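Undergrad: Handing you a structure now.
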There are 2 protein chains.
Amino acid sequence: MTIKEIAKLANVSLGTVDRVLHKRGKVSKETEERILAIIKKANYKPNMYARGLVLNKTYHIVAIIPSFKAGEYWEMPTQGILAAEKNLSQFGIKLTLLKFDQNSATSFEEKAKELLELKPDGVILAPVINFEAVKLTEKLKAANIPFNLIDSNLPDSGALSFIGQDAFQSGKLAAKLLCSETQKKGTIAIISVKKNENHNKTLQRRIEGFKDYLYTSKLINDITIVESNIHLSKNDWKKRLKEACNPNNDTIGVFVPSSLVHYVALHFTEDPQYFSKIKLVGNDLIPNNIKYLRSGVISYLIGQRPQTQGYLAMQNFYNHLILKQTPEEKRFLPLDIITQENLIYYDIEFSNIFNLA
Amino acid sequence: MTIKEIAKLANVSLGTVDRVLHKRGKVSKETEERILAIIKKANYKPNMYARGLVLNKTYHIVAIIPSFKAGEYWEMPTQGILAAEKNLSQFGIKLTLLKFDQNSATSFEEKAKELLELKPDGVILAPVINFEAVKLTEKLKAANIPFNLIDSNLPDSGALSFIGQDAFQSGKLAAKLLCSETQKKGTIAIISVKKNENHNKTLQRRIEGFKDYLYTSKLINDITIVESNIHLSKNDWKKRLKEACNPNNDTIGVFVPSSLVHYVALHFTEDPQYFSKIKLVGNDLIPNNIKYLRSGVISYLIGQRPQTQGYLAMQNFYNHLILKQTPEEKRFLPLDIITQENLIYYDIEFSNIFNLA
DNA sequence: ACTGAAAATGTGTACGTACACATTTTTAAA
DNA sequence: TTTAAAAATGTGTACGTACACATTTTCAGT
């Protein structure tokens, strides 16, 4: 079913049908109704190929995300973004990646300035530096540039979509995995391992969720919670880590609400007493964590499909800019429970689903 | 970069470039080399829109899968297949669904005959009736029709791809969830709930994996395994179920290696003793199972992303027929661990990822 | 050098849509 | 009725590719 056929059925020209389809007006009411009826009855769907050919626009997306070293968390969302670019480039979606230093607001502002000069058709923003990110969203709104938030949300920012995880629920899940099965009484250590002083809302929400689970389920009657912050940038972090979880006290579990759990795992390997007595739960399937999950030092990892997050952020723009669909406001990805027995298929999941080499 | 531009650079006509691109011959060697060099240098990629427009082929895929009532397992792969059809119809992929009765080889053979008469460009086959499925694959090979296997595999069948799960690993995972945390000694019941007498390899593999985990981990020293088959088609199934898991004996856990675990869960609700004492683990996120997971009767469900399986089976044909890519031979989907705390985001996962209303 | 066939190269059209522009019809005022 | 503006409708071209067909060039055999 083509525009031509519809025109013939309605006894009008292509142009009239076209005006109806695009609501350009200049069509008499009766004609319009007749054409719309035919379109509906015939279940007309525009030919994507012809439309793409004639429009032939290239849409420029800029993603502004934290820089990373190989194996660090932000490599994963980036993989997803790049995979999407590969699949969508044939439809005219082009990508520029801008990476900023998570510890430097100045770095972010520089990149944000660069971004605005590129006048992109869409922006993917990781608002890890909260205050500066808000400033950028306001400029984007003023310039009428649609943007997607990834990883963490800025409520009422006017974003097209937020794509990420429910951090509170992630914390609850961690608590369940760490505590619900052990009938033991004892101490649970929550260790926030950080690389910098940035105020990270995600970590905080995970910890809140973790505690919420314990209080709600009454497990708190048997369990003592000890919280500590370890800043890797400080010299005494190894010493502080030792204090935070000592195998000789009654610590039965450790929760590290970030991908940096492997630092604690490394510490555990130094004394076999640790991982035989203490259960360790953390977040994210980065190579270092996978290593310790495989060897049994880490009991569970909670995944949030970061590659899929990146992929969806891009696909959102495809849906919005090309298919003219309004995306959902929030997309929470599933919280995957990863353990030795199901690790393998998560490991290869991403290339599987998105058809990469 | 278009064919036109390449032609101009090479000082030849469009036709000559076209002949080189499609290896139609009738081009002098020196011209061909010159053009190929330019194509390579310019990194020419054909315009998908123009190509799709001019080829304008429709590819006809037939999926032959078990029939189902609302809420039954096979509804989920079907959802994935239909979602893919919706997204891919714009590229000329059309679908016919043929549903057969799982309990009737005759029903399958009728549908298989119908399928061959349709002379499709691709087939999605759920080989749940093993022997008849093999016969069909041979006819498909003879007719040179590519096919994908879904849910369970037929080794060396000549399929384009197998898309499914690792049933053995699924069983191991179930055992870990059911036994590893409980320090208790006791009896574990493996209950194969079945609707028919079909020999189902998947159930068997799950049970093998389950036992393998117990034996390998030495948990078997404290645990007794009791296996039983419950055929829902027989009148005495309720009585048999009561015998299989009695709260008054030392049963500490029940594993039902299929989506029919909700029958056991229903039985559990009749006596609060059951679900306070016995941990129940089963497979698949069908509505009935979700209900009991939410209410706490079922402790864990293991998911295998059936919708994604269906979607991928279709996408495979898009990749193969339109993008001319060779798909991977086997695609094992991740084994998701679902519990009360992460159920919610799995529940909405599918519409999330595949962008459905 | 001339011929005819083979080899090489060029040309034209179709695919379905979007949009600019041209033409026809209707309407209201003189 | 005539007329000009407004409203409605029609026409033509471009997008990049694939493929059928037309034309030109090359070259062996006379």
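Undergrad: Based on DSSP, what percent of beta bridges with both residues in the protein assembly as shown are antiparallel, to the nearest 5? Mind dumping the intermediate values first?
TA: Working: 6 of 90 bridges.
About 5 percent, rounded to the nearest 5.
Undergrad: Once you charge only the Cβ atoms, +1 for Lys and Arg and -1 for Asp and Glu, what is the size of the charge dipole of the protein assembly as shown about its Cα centre, to the nearest 20 debye?
TA: Working: 94 positive and 74 negative charges, 365 e Å.
Using Cβ point charges on Lys, Arg, Asp and Glu, the protein assembly as shown gives about 1760 debye.
Undergrad: Another question, if that's okay. Pairs to check: A:K141/B:K4; A:K176/B:K172; A:K94/A:K139; A:K194/A:K279; A:K40/B:K86. Give those whose C-alpha atoms are more than 28 Å from each other in this structure. Can you show the working numbers first?
TA: Numbers: A:K141/B:K4 40 Å; A:K176/B:K172 21 Å; A:K94/A:K139 22 Å; A:K194/A:K279 20 Å; A:K40/B:K86 17 Å.
Over 28 Å Cα-Cα: A:K141/B:K4.
Undergrad: Quick one: helix B:201-216 against the long Cα principal axis of chain B, what's the angle to the nearest 10°, folded into 0 to 90?
TA: 60
Undergrad: Inter-copy label distances at A:S13, 7 Å along the Cα→beta-carbon direction, one decimal in nm, shortest first?
TA: 3.3
Undergrad: Rounded to whole Å and ordered largest first, report the semi-axes of the equivalent ellipsoid of region B:167-303 derived from its Cα gyration tensor (root of 5λ). Don't skip to the answer; put the middle values down first.
TA: Values: eigenvalues 79, 62, 44 Å².
Three semi-axes, in Å: 20, 18, 15.
Undergrad: Turning to a different aspect of this structure: Rule-of-thumb check for the protein assembly as shown: C-alpha Rg over 2.2 N^0.38 Å? Don't skip to the end; give the middle numbers.
TA: Values: Rg = 28.6 Å, N = 714, 2.2 N^0.38 = 26.7 Å.
Compared with the compact-globule rule of thumb, the protein assembly as shown sits at 1.07.
Undergrad: A further question on this structure: Based on the Cβ-Cβ distance of A:K242 and A:E329, what FRET efficiency does E = 1/(1 + (r/R0)^6) give at R0 = 51 Å, to the nearest 0.05?
TA: Efficiency for this residue pair is about 0.70.
Undergrad: Another question, then. What is the distance, in nm, between label points placed 7 Å from the Cα along the Cα-to-Cβ direction at B:E114 and at B:Y215?
TA: Taking the two extended label points, one gets 4.4 nm.
Undergrad: Right, next: So what J values fall out for region B:291-306 if you push phi through Karplus, 6.51 cos²θ - 1.76 cosθ + 1.60 with θ = phi - 60°, rounded to Hz, Gly and Pro as x?
TA: Running phi through 6.51 cos²θ - 1.76 cosθ + 1.60 with θ = phi - 60° gives 4, 6, 5, 4, 7, x, 6, 8, 7, 9, 10, 9, x, 10, 6, x Hz.
Undergrad: Also, I was wondering about something else. Which distances, in nm and shortest first, link the B:D250 label point to the same label point in every other copy, taking 7 Å along Cα→Cβ?
TA: Spelled out, the distances from B:D250's label point are 3.0 nm.
Undergrad: Hey, another quick one. Kindly state, to the nearest 0.05, the FRET efficiency for A:K69 paired with A:D222, given R0 = 45 Å and r defined as their beta-carbon distance.
TA: Details: r = 41 Å, r/R0 = 0.91.
According to the calculation, E is roughly 0.65.
Undergrad: Continuing with this model, one more query. Over all alpha-carbon pairs of region B:3-46, lay out the pair-distance distribution in 10 Å bins, whole %, shortest bin first.
TA: Histogramming region B:3-46 at 10 Å steps yields 32, 64, 4 percent.
Undergrad: Go through B:S67, A:S233, A:S192, B:S299 and list them by solvent-accessible area, largest first, probe radius 1.4 Å. Walk me through the numbers before you get to the answer.
TA: Numbers: B:S67 55, A:S233 80, A:S192 10, B:S299 30 Å².
Greatest to least solvent exposure: A:S233, B:S67, B:S299, A:S192.
Undergrad: Here is a follow-up. What do you get for Rg/Rh over region B:111-201 if you use C-alpha atoms and the Kirkwood form of Rh?
TA: Numbers: Rg = 18.2 Å, Rh = 15.8 Å.
Here Rg/Rh amounts to 1.15.
Undergrad: Taking a label point 7 Å out from Cα toward Cβ, give me the nm distances from A:K291 to the same spot in the other copies, shortest first, one decimal.
TA: The answer, with the shortest distance listed first, is 4.9 nm.
Undergrad: Now for a different question. Rounding to the nearest 10 and keeping the result within 0 to 90°, find how far the Cα-based axis of helix A:130-142 lies from the longest principal axis of chain A.
TA: Taking the Cα atoms of chain A, the angle to A:130-142 is about 0 degrees.
Undergrad: Here's something else I'd like to know. Which aspartates and glutamates does B:K234 reach when only Cα atoms under 17 Å apart count, and residues fewer than 8 places away in its own chain are ignored?
TA: Within the straight-line cut-off, B:K234 pairs with B:E197, B:E243.
Undergrad: How much accessible surface does A:M1 have with a 1.4 Å probe, in Å² rounded to 10?
TA: Per-residue accessible area (A:M1): approximately 90 Å².
Undergrad: I would also like to ask the following. Counting other Cβ atoms within 10 Å of each Cβ, which trypsin sites (Lys or Arg not before Pro) in region A:135-206 have at most 13 and sit in a DSSP loop? Please report the intermediate quantities before stating the final value.
TA: Details: sites: A:K135, A:K139, A:K141, A:K172, A:K176, A:K184, A:K185, A:K194, A:K195, A:K201, A:R205, A:R206; in loops: A:K184, A:K185, A:K195.
Here the sparse-neighbourhood loop sites are A:K184, A:K185.
Undergrad: Per DSSP H run of n ≥ 4, the term is -39500 (n - 2.57); total these for chain A, divide by its residue number, and report the mean residue ellipticity at 222 nm rounded to 500 deg cm²/dmol. Provide the component values of the computation, followed by the final result.
TA: On the way: 16 runs with 159 residues, N = 357.
Dividing the helical sum by the residues of chain A leaves -13000 deg cm²/dmol.
Undergrad: For region B:114-192, with only Lys/Arg (+1) and Asp/Glu (-1) charged at the beta-carbon, what is the dipole magnitude about the Cα centre, in debye rounded to 20?
TA: Values: 8 positive and 9 negative charges, 95 e Å.
Computed about the Cα centre, the dipole is about 460 debye.
Undergrad: Taking the Cα-to-Cβ direction at A:K195 and at A:V134 and moving 7 Å from each Cα, how far apart do the two end points lie in nm?
TA: Taking the simple label geometry, A:K195 and A:V134 are separated by 2.5 nm.
Undergrad: In degrees between 0 and 90, to the nearest 10, how far off the longest principal axis of chain B does helix B:105-118 point, with axes built from Cα atoms?
TA: 10
Undergrad: Summarise the partner chain shielding of A:47-60 as one whole number: the mean count of Cβ atoms from other chains within 10 Å of each residue's Cβ. Before the final figure, lay out each step's value.
TA: Details: counts 6, 8, 13, 5, 3, 7, 8, 2, 1, 3, 0, 0, 0, 0.
Rounded to a whole number, the mean comes out at 4.
Undergrad: Can you give the FRET efficiency for B:L36 and A:K99, using 1/(1 + (r/R0)^6), R0 = 45 Å, r = Cβ-Cβ distance, to the nearest 0.05?
TA: 0.80
The values are calculated or read from the model by the stated rules, or taken from the named source; none is laboratory data. Quick caveat, the model's predicted, so the values are computed rather than measured. A quick note on method: Cβ atoms are made from the backbone with ideal geometry, for glycine too, and the neighbour counts reach across all protein chains shown. The accessibility values were calculated without ligands, DNA or RNA, using every heavy atom of the protein model including side chains. Shrake-Rupley method; radii C 1.70, N 1.55, O 1.52, S 1.80 Å.
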